[in-house]
Amino acid sequence: WGWRMLWLTKALDHQILPHGDDWSIWLMLAGRGAGKTRTAAEQIAWWAWSYKATRWLVSAPTSSDVRGTCFEGDSGLLNVIPPVLVADYNKALHELRLTNGSLIKGIPASEPERFRGPQFHGGWCDELAAWEYIQDSWDQIQFGMRLKLQTMKTRIIVTTTPHRLQLQAHAELDLVPAILNVLPSCQLIEPATMKLWTPETLRLRGRYTLD
């Protein structure tokens, strides 16, 4: 609990998990230095530790990004989770196992076929707008998000810098967008639930704004 409480005392408002149960995707859209990676790593780590023997996906544009940013980066999972809670880390397989039986599995978005088969309780998609096979990878990830928790719906954290998102999301997914400026600030769009996420309804213009 200590590491979680330490994070909550440091986290800015935009780095705190959105309230309510009416969302499935938390989109953190921001430039560099806004704390996206640290926020997602802290939250995925906490979910994995809070729910024993669960499975969590981490994906980024390439295998190097998965390892170098999401797992081993300065704000990555291995620098967030206390070492005493880590049972094993296999850098070749991008697998981080905790002592409570939970698994955090990394899969690069550059290989969308690798998403076929594995199933998860939730996940983190880093730099989604930079994925080469964004639609194929996203669709396969949704198929794999089929493990259920009794006290929380399946959730995905998306962290990305602003680019045009050529992505059609499934209509049943709910989105909470957090639009961050160069300075760490946050605005949650109201209503918090968006039933359809398409290039027409979620289009990036300029550097830090949404239509």
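Taking the conditions exactly as written (of a type outside the set (Lys, Arg), at pLDDT below 95 and within 9 Å of the chain's Cα centre (by Cα)), does Ile44 satisfy them or not? Even if it seems obvious, please write down each step before you answer.
Numbers: of a type outside the set (Lys, Arg): yes; at pLDDT below 95: no; within 9 Å of the chain's Cα centre (by Cα): yes.
No.
Give me the pairs, please: first residue somewhere in the range 89-107 and farther than 16 Å from Gly123 by Cβ and aromatic (Phe, Trp, Tyr), second residue anywhere and modelled with pLDDT of 95 or more and surrounded by fewer than 16 Cβ atoms within 10 Å (Cβ to Cβ), beta-carbon distance under 8 Å, and either six or more positions apart or on two chains.
So the pair list comes out as Tyr89/Glu95.
For the range 125-145, what are the residues that are of a type in the set (Phe, Trp, Tyr), surrounded by 19 or more Cβ atoms within 10 Å (Cβ to Cβ) and part of a helix (DSSP H, G or I)? So that I can check it myself, show each step before the final result.
First, the residues of the range 125-145 that are of a type in the set (Phe, Trp, Tyr): 131, 133, 138, 143.
Remaining after also requiring surrounded by 19 or more Cβ atoms within 10 Å (Cβ to Cβ): 131, 138.
Matches in the range 125-145: Trp138 only.
Tell me which residues, restricted to the range 147-163, are hydrophobic (A, V, I, L, M, F, W, C) and farther than 20 Å from Pro18 by Cβ.
Of all residues in the range 147-163, those hydrophobic (A, V, I, L, M, F, W, C) come to 147, 149, 152, 156-158.
Of everything in the range 147-163, just one residue is hydrophobic (A, V, I, L, M, F, W, C) and farther than 20 Å from Pro18 by Cβ, namely Leu147.
Give me the pairs: first residue in the range 54-74 and free of Cβ contacts under 8 Å to residues at least 60 places away in the same chain and outside any helix (DSSP H, G or I), second residue of a type in the set (Gly, Ala, Ser) and buried (at least 18 other Cβ atoms within 10 Å of the Cβ), beta-carbon distance under 6 Å, and six or more apart or on different chains, which are they?
What qualifies is Thr62/Ser110.
The values are calculated or read from the model by the stated rules, or taken from the named source; none is laboratory data. Small disclaimer: the values here were computed from a predicted structure and weren't measured. We place every Cβ from the backbone using ideal geometry, glycine too, and count neighbours over all the protein chains shown.
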